[in-house]
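A.B. asks: If you scroll down you'll find the structure; I have some questions about it.
The values are calculated or read from the model by the stated rules, or taken from the named source; none is laboratory data. Please read these numbers as outputs of a predicted model, since none were measured by experiment. Virtual Cβ from ideal backbone geometry, glycine too; neighbours counted across all protein chains shown. For accessibility, only protein heavy atoms count, side chains too; no ligands or nucleic acids. Shrake-Rupley method; radii C 1.70, N 1.55, O 1.52, S 1.80 Å.
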Amino acid sequence: MSLPARVRVTRPPLPLSPALRAAALRLCPAAPVGALQAAALAIAGGTVIGAHLRWEGDEAATVDTGWRGRGIEEALAEAVSREL
């Protein structure tokens with residue numbers, strides 16, 4: 001799968017840093033970011049544009065509107081599913 005040239009998907013270490021935690025909450029406001037088991041973030045130009053978060057019994061994923069439909073959702077789901 002090919003992502004737009006300036007987009008990268010990363011699995012940051014948990015717990016998330018304060019900046020990444022704020023970005024994750026902006027994208028997935030109902031997620032219990034303090035209890036995450038896995039997180040994958042899509043970053044473009046230094047801005048978090050997508051997140052896929054997993055915690056005990058549930059998960060949430062979203063991508064900023066202007067970036068949807070470019071394979072980012074799939075890349076995030078794949079990244080969060082991989083074991084570290």
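A.B. asks: Taking only segment 61-78 into account, find how many residues are under 22 Å from A19 (Cβ atoms), open to solvent by less than 60 Å² (accessible area, probe 1.4 Å) and within 9 Å of the chain's Cα centre (by Cα). I'd like the intermediate steps shown before the answer.
C.D. replies: Taking segment 61-78 first, the residues under 22 Å from A19 (Cβ atoms) are 61-67, 72, 75-76.
Applying the additional criterion that residues be open to solvent by less than 60 Å² (accessible area, probe 1.4 Å) yields 62-64, 66-67, 72, 75-76.
Of the ones still in play, those that are also within 9 Å of the chain's Cα centre (by Cα) are 62-63, 76.
Within segment 61-78, residues that are under 22 Å from A19 (Cβ atoms), open to solvent by less than 60 Å² (accessible area, probe 1.4 Å) and within 9 Å of the chain's Cα centre (by Cα) number 3.
Listed here are the residues, each with its yes/no results for (1) open to solvent by 50 Å² or more (accessible area, probe 1.4 Å); (2) of a type in the set (G, A, S).
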position: L16; (1), (2): no, no
position: L20; (1), (2): no, no
position: L41; (1), (2): no, no
position: A51; (1), (2): no, yes
position: R54; (1), (2): yes, no
